[in-house]
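I have placed the structure first, in the form of structure tokens, so that the comments after it can refer back to it.
The values are calculated or read from the model by the stated rules, or taken from the named source; none is laboratory data. Nothing here was measured: the structure is a model prediction, and the numbers come from that model. Cβ coordinates were reconstructed from backbone atoms using ideal geometry, including for glycine residues, and neighbour counts include every protein chain displayed.
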Amino acid sequence: MGEIRRRGVVALGVAGLVAPLSVAFTAAPAQAATCTTQTGPYQKQVEKFLGLPVDGKQSPSDCRAIRAFQTKHGITPNIGYAGSVTWGVMDLMQKQRAVGKNPNKAGKCPVNKGRIACVNLTLQLSWIQDGKKLVYGPVPVRTGRNGYETRTGLKKIYWRNIDHVSTIYNVPMPYSQFFDGGQAFHSVGVSMWNPPGSHGCANMTKTDAKKYWSLLKKGDDVYVYGRKPGT
């Protein structure tokens with residue numbers, strides 16, 4: 001999400017998160033009034049992820065733990081059901097953790113560009129590297145949802161606005177660094193795992209967006225690759 005005012009002309013771009021990537025955000029849903037007694041198709045996987053007794057059967061304590069996770073990350077309906085969306089978020093978290101401090105192990109983000117911000121859509125991770133040296137990250141991002149995908153390829157940061165506000169969605173986009181037709185890195189106030197994602201931007205926590213702001217500048221390269229799950 002994003003738009004840029006330049007010489008009196010407003011250049012509009014569809015953009016988010018992260019993710020997205022950004023989107024008109026609402027507060028996390030209120031705690032559901034009831035808790036489901038149904039056993040979900042991913043019950044055992046969810047129980048294991050949450051450190052619960054793994055018996056594959058829904059219990060009141062299972063439901064409370066699952067519902068707390070859903071509420072924290074804005075997964076709806078937050079009724080404690082171990083369904084595909086809830087497990088998909090947990091599975092992505094596990095894959096992100098497995099990356100450790102070697103996010104460019106496969107060498108897909110260019111190492112011959114000097115300082116560059118990399119975005120792996122498949123794993124919903126971003127980091128900054130300088131050649132082969134990891135400078136910051138990897139950190140989770142929230143990128144574009146289905147129909148508003150964060151576009152892939154080699155780009156450059158072409159405009160920065162620390163206090164940007166979207167006139168399309170009427171939401172703040174702090175620490176915005178635009179890299180492709182209105183798509184930008186910027187902070188948001190929702191979970192990085194909040195589905196379904198942004199309107200194209202690479203959403204970040206405030207801490208990570210501030211760090212990106214301090215480490216990057218206009219003209220720096222950004223490389224986006226992969227494909228976000230569900231798009």
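Descriptive notes on the structure:
- Residue list for the range 166-184, filter: within 11 Å of THR150 (Cα to Cα) and buried (at least 18 other Cβ atoms within 10 Å of the Cβ): PHE179, ASP180, GLY182, GLN183, ALA184
- Residue within the range 149-167 that is within 18 Å of GLY230 (Cβ to Cβ) and touching a Ser or Thr at 6+ places or on another chain (Cβ under 8 Å) present: yes
- Residue list for the range 66-83, restricted to those being in a loop (DSSP other than H, G, I, E, B) and of a type in the set (Ser, Thr, Tyr): THR76, TYR81
- Close Cβ contacts (under 8 Å, 6 or more residues apart or on different chains) running from residues in the range 86-98 that are surrounded by 14 or more Cβ atoms within 10 Å (Cβ to Cβ) to residues that are modelled with pLDDT under 95 and outside any helix (DSSP H, G or I) comprise GLY88/PRO229; GLY88/GLY230; LEU92/PRO229.
- Single residue of the range 90-116 satisfying the filter (of a type in the set (D, E, K, R) and touching an Asp or Glu at 6+ places or on another chain (Cβ under 8 Å)) that is farthest from VAL135 (Cα to Cα): LYS113
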